[in-house]
Each structure stands twice: as structure tokens, then as C-alpha cells.
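This report concerns only the one structure given below.
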Amino acid sequence: MDNKITTKLKLPQGRKPAVVVEIGNDWLKVMEGNPSAKESFVTKASFRKLVEIKEPVTAALVKIFKDLKLDTRGVIACIPRHLVTVRILEFPSTNPKDIRDMVSLQVGKQTPYSRDEIIFTYKTIGVSAAGYTKVMLVIARRNLVNARVEVLQKAGIEVEKVTMSSEGLAHWFQMTHWAQTSPGKSMVYDNVKLEDQAVICVDIDSNYSDFIVLRQGKLVYTRNFLVGANHLLGEDATWRDKFGEEIVHSMGLYQNEDRDAKIVQLFLGGSAAHVPQLAQMLETKVGVPVVMTEPTHQVHLAKGLTLFEKDEGRFVSPCPLIGMSLGAAALELDLTSSELRIKRQMEGTRKQITVTGVLMLSLVMMLSTLFFIVF
């Protein structure tokens, strides 16, 4: 399925189109976002169920990129949230070098794998007046990341960056629903200081859900749990109870991490709108207003086109890819392996040497021509 969608979301101009690819456990997702002079828009998208792909994923990607006429250079690889480990750590310093050194010391304690078996990245999510810095540490198994990158490379696709889906989800929420969280939009925001407000967004994908928290528009927490649309849309009603329990548990874990925050509202995204009575069920459990969202809210589809074929949209979330493709320049987390970075640097150096050689040869030829003309 190949479709084009546009959105009227305003973003800084002059950025090149961004192509995002996510190879999940059961879905292959591809999307391109392109800021233009008048408006930013998502131009192309393809969602394929892996079990329905009868050829190797590499061959499927070659066909998708060819059919959609996508640029194979500078592609972003999206790693689903449930395939990475995230930790929130606090350090007694605000010096970037100190933070980098302390993260490097701590990372080995946060995973059972050796340093050679993992790739990690982090970003600052808060600095206190007392001189403490809070960071979000993201860890992925090296073989898991490399396997996905290799599939893309075999398809002739050049990977620019590897990041996790939660960051794309946060950008999607900022662009499509953050305006609803301001004072005057809901009474819940009038009664809590802006700096204390915490807003939850839960994205329901096929086999898992991503629970993220934003404060003042910034991603500060993420947790995944293995209850998704495949479970919630099934006949076993106990999965809905399990979903509610996981939400409550996630809220408790977050409050333990950030005791000063006041959770004021919860937004449901992804395939949530297809689960009957989900918002009503949750409101009785979580104690805050629950808002149901649509993935394409403020993301306008081109006339005659739809994002999904038949009922595919009931089981999969496009939200992280929408956020990444439209906000690629703002992505902070990078799980690109050191091997890929070195290879990219070597290729850049090789191209630079080639260009320099061509320029030198042109200069020599020009000087030779002038010499013969003069003498």
C-alpha cells in the first residue's frame, strides 16, 4: 500500500525531505516528510504487514523505494520502543563533559550485556537549581540495530541516523495536540502551575503500547508494555483490564521518578480510537481526563487518498513516523553504531579527496592551456 498524505503543520523552511523506515516485529513502515515554502507535509507512506510480504524484506524495500521514488540517501531508521531500554538518571553536575563521563560509567550497570554488545545514547531532560542534571539514557543491543541497518544497506539505502520511536511520538504529539494543553483549553491546566504540569500520551501499536510523558512540550519519560491493538481488539476482554493496569502502573512509576510533577491529562493515540469504550474505561482507573485522538488530526490527507487500506489502521500506529518525518532536524537521540559512523566518515573523506583531485586536475589543465597560449 502506497499513499501520499499532506499536513498543514508549520515547520522551519529549507530542510530536505526526510525518509523514515521502521522494521518492527510484524510491520514494515516507510514514510517521507517534506517541508515546503508554504507548508510542511508528509508526502509518501507505505505500511506492509511482514507476514504478507512473500519476498525478502530487502527486496520489498527496494520495490517500495522505487515505486514511491524515495531518496535512498540520509534515511532515518526507527527502532520500536519495546526493543530498547530506557533509564532516567540524575547526576550532581551541569558540566556536559562530567555528564558524559558519568553516563559512560553508569551505562554498564543498567543492562546485563557487555559494552561491546550495546549501543547507547542520551539527552538532557532537566537541570535543577541545585546543580543536578537529569538525563534520559537509551540502550539498544548492537546486533539488533546492526541487523536492521544491514537490511537497509543491502537494499541500497544509506542510513543517516538510528533513533527510537518514542522521540517521533513526542514530536507528533507536540505538532498535533500540544496546543490543547494550554490554559484556557481545559480547566485542568488552569489549576496547576505550568512548570508542574505533566501530560501523558499513550500510543497503541500492533503488539505493544508506548507510554510517554511530556513537560512543557519536552519528552521526559517513556515506558512500554506488551499490550497492543492485536490484544485490545480481540475477543478476550481481560486484555483491556490488563491495559488499564499497565497505565496505572506506568503513572505510578513516573511519579516515583518525578515527584514534583502533576499529571493533568492523558491522551490516547495510535489505534486507540478503534477500541470501543477505552477512554471511558480508563477514566475510572486513572483519575485524570482521558482524550481520544486520531493519528491524522491536523495531518490532512490528499484528496482521494487514505493512509491505510481496508482496516489496517485499526492495528497499527503511524504516529511516531509522522513525528520523525516532519521533525527530523529536531531528533536528539542517535543509536547509530560506531562502525557505521566510521564508515560514513571514510566515505565522506573519500568523496572529499575525489573532489579535491578533480579540482587539482582541472587547475593543472587550465594552467597548461594558459602556458601554451602565452608561449
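The values are calculated or read from the model by the stated rules, or taken from the named source; none is laboratory data. Only a predicted model underlies this, so the values are computations on that prediction, with no experimental measurement involved. Here Cβ is always computed from backbone atoms with ideal geometry, including for glycine, and neighbour counts include all displayed protein chains.
Structure data summary
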read-out: Some residue of region 94-103 being closer than 27 Å to Leu152 by Cβ and not basic (Lys, Arg); value: no
read-out: Complete set of residues in region 126-138 that are among the β-branched types (Val, Ile, Thr) and crowded, with 19+ Cβ neighbours inside 10 Å; value: Thr133, Val135, Val138
read-out: Residues of region 309-328 classified as small (Gly, Ala, Ser), assigned to a helix (DSSP H, G or I) and at pLDDT 90 or above, total; value: 3
read-out: Val62 being free of Cβ contacts under 8 Å to residues at least 60 places away in the same chain, assigned to a helix (DSSP H, G or I) and among the aliphatic types (A, V, I, L, M); value: no
read-out: Qualifying residue in region 161-171 (condition: out of contact with any Gly (no Cβ under 7 Å at 6 or more places or on another chain) and surrounded by fewer than 22 Cβ atoms within 10 Å (Cβ to Cβ)); value: yes
read-out: Top-ranked residue in region 194-214 [being over 15 Å from Trp172 (Cα atoms) and in contact (Cβ under 8 Å) with a residue 24 or more places away in the chain; ranked as surrounded by the most Cβ atoms within 10 Å (Cβ to Cβ)]; value: Ser209
read-out: Residue check for Phe41: among the aromatic types (Phe, Trp, Tyr), surrounded by 14 or more Cβ atoms within 10 Å (Cβ to Cβ) and modelled with pLDDT under 95; value: yes
read-out: Any chance Glu150 is within 28 Å of Glu22 (Cα to Cα), charged (D, E, K, R), crowded, with 23+ Cβ neighbours inside 10 Å and in the same structural domain as Ser317 (by TED's automatic domain parsing); value: no
read-out: Residue list for region 194-239, restricted to those being of a type in the set (D, E, K, R) and in contact with a helix residue (DSSP H, G or I) (Cβ under 6 Å, 6 or more places away or on another chain); value: Asp203, Asp210, Arg223
read-out: Subset of region 95-114 [surrounded by 13 or more Cβ atoms within 10 Å (Cβ to Cβ) and over 23 Å from Glu167 (Cβ atoms)]; value: Asp98, Asp101, Gly108
read-out: Output for region 216-236, where each listed residue is closer than 18 Å to His249 by Cβ, of a type outside the set (Gly, Ala, Ser) and assigned to a loop (DSSP other than H, G, I, E, B); value: Leu226, Val227
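Residues checked against (1) over 18 Å from Pro320 (Cα atoms); (2) within 14 Å of the chain's Cα centre (by Cα):
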residue	(1), (2)
Val162	no, yes
Met175	no, yes
Asp190	yes, no
Ile200	no, no
